[in-house]
Amino acid sequence: MLSWGTIEYGKRMGPQIKEARTAIRWATDYLLKCATSTPGKLYVGVGDPNVDHKCWERPEDMDTSRTVYWVSSKNPGSDVAAETAAALAAASIVFRKVDPTYSKMLLRTAQSVYQFALQYQGSYSDSLGSAACPFYCSYSGFKDELLWGAAWLFRATNAVKYYKLVKSLGYDDQPDIFSWDNKYAGAHVLLSRRALLNGDKNFEQYHQEAENFICKILPNSPSSSTQYTQGGLMFKLPDSNLQYVTSITFLLTTYSKYMAATKHTFNCGNIVITPNTIRSVAKRQVDYILGENPLRMSYMVGYGPDFPKRIHHRGSSLPSVTIHPQSIGCQEGFNPFFHSMNPNPNTLVGAIVGGPNQNDGFPDVRDDYSHSEPATYINGAFVGPLAYFAGIY
């Protein structure tokens, strides 16, 4: 998502584009290592999540075993492999002009990892069991990742074989969500670009699907299946709702940008949807997250006068090693630090938390991970819309 944001909105990022590339490379270096260290294996996780979750300790003190998990032809993981391929392919576009050698390596690796996803089909949840579930089970299966991976490889290569693959994956689910688990809507918007910007009739289906998705999101649309809080926030699911808000908002700004470029409009039932209709819903979400909400609370840590002070994050909630050089063991972090009502000693500037509940309430307590936990998949999707609105205003 960070790569997609950089591809779509890089020109509006100003000097921050260097920071974006650095952040992307930090992740792609790791993914390259995962994909190329051992032939026939794709490493997909480090550390037993069940053991790690039982500890509240600083990264410097971690002493749980660093168990390594992988998928292979015998234990397939098409979802995690195709997602890895999508990430590498998207990043290859980001680095194409600034570091062509790195870009080619990313693309080459993306192609081989995707080939593995396609050839050995199966879900990583089935292969890894409790190392994936219940934390990051693949609830939506792996067909959405196969489509998403093929769509990104097509965007990166323009190769007919990926176009054929996209087409062969057929008609698919029409969800009203976009998340780390379910990629269909993202793939549809990504592929719709060809229909809108290039007038390519072969991609008509995807711009239809992208518009069906948007009709399920917009509040006044007859086919809307999306709840909004009284304060105006899109509300999808109670656990870490802002992940859906940032991801969907990214699709809204991006599709409205494609529409504006071609003066395109469409209908949800009898309501005419213009780029502005979509843009205003997206802007409302961004503004809500940054503090225009009933609590006047910014859900981005360190931004604005009032923001979450007791986030569910080990490094933020435990004293720094400079202040407390002695080790804090696995269980020692819970009392007094985890259960304390004091604000976290270290401010994780820029992190966006899970966000308010459906009544626009936010208790700001550390053990309430559904609302107080930050995540890269909340932040990663938000950078694009922020750059978009920064560019407009």
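The values are calculated or read from the model by the stated rules, or taken from the named source; none is laboratory data. Every value quoted in this text rests on a predicted model; they were computed, and no experiment measured them. FYI the Cβ positions are ideal-geometry reconstructions off the backbone, even for glycines, and counts take in every protein chain you see. Note: areas computed on protein heavy atoms with side chains; ligands, DNA, RNA excluded. Shrake-Rupley method; radii C 1.70, N 1.55, O 1.52, S 1.80 Å.
Assorted remarks:
- Between 348, 386, 295, the distinction of being in contact (Cβ under 8 Å) with a residue 60 or more places away in the chain and part of a loop (DSSP other than H, G, I, E, B) belongs to 295 only.
- Helices (runs of 4 or more DSSP H) fully within the stretch 202-291 counting 1 or more residues that are small (Gly, Ala, Ser) and closer than 16 Å to residue 188 by Cβ: 204-217, 242-262
- Per this entry, residue 262 is not counted among residues that are without any contact (Cβ under 8 Å) to a residue 60 or more places away in the chain, open to solvent by 40 Å² or more (accessible area, probe 1.4 Å), farther than 22 Å from residue 175 by Cβ and not basic (Lys, Arg).
One line per residue, one yes/no per condition, for (1) closer than 29 Å to residue 325 by Cβ; (2) polar (S, T, N, Q); (3) crowded, with 17+ Cβ neighbours inside 10 Å:
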{"position": "11", "(1), (2), (3)": "no, no, no"}
{"position": "32", "(1), (2), (3)": "no, no, yes"}
{"position": "36", "(1), (2), (3)": "no, yes, no"}
{"position": "43", "(1), (2), (3)": "no, no, yes"}
{"position": "51", "(1), (2), (3)": "yes, no, no"}
{"position": "55", "(1), (2), (3)": "yes, no, yes"}
{"position": "60", "(1), (2), (3)": "yes, no, no"}
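- Among all residues of the stretch 222-245, there is none that is free of Cβ contacts under 8 Å to residues at least 40 places away in the same chain and open to solvent by less than 10 Å² (accessible area, probe 1.4 Å).
- Residue pairs meeting the criteria (Cβ under 6 Å; at least 6 apart or on separate chains; first of a type in the set (Asp, Glu), in the stretch 173-187; second in a loop (DSSP other than H, G, I, E, B)): 176/225; 181/139; 181/140
- Residues that are under 30 Å from residue 55 (Cα atoms), at pLDDT 95 or above and either of a type in the set (Phe, Trp, Tyr) or in contact with a Ser or Thr (Cβ under 7 Å, 6 or more places away or on another chain) (or both) do occur in the stretch 289-299, at least one of them.
- Selection from the stretch 376-393 of residues that are of a type in the set (A, V, I, L, M) and surrounded by 17 or more Cβ atoms within 10 Å (Cβ to Cβ): 378, 381, 383, 386, 387
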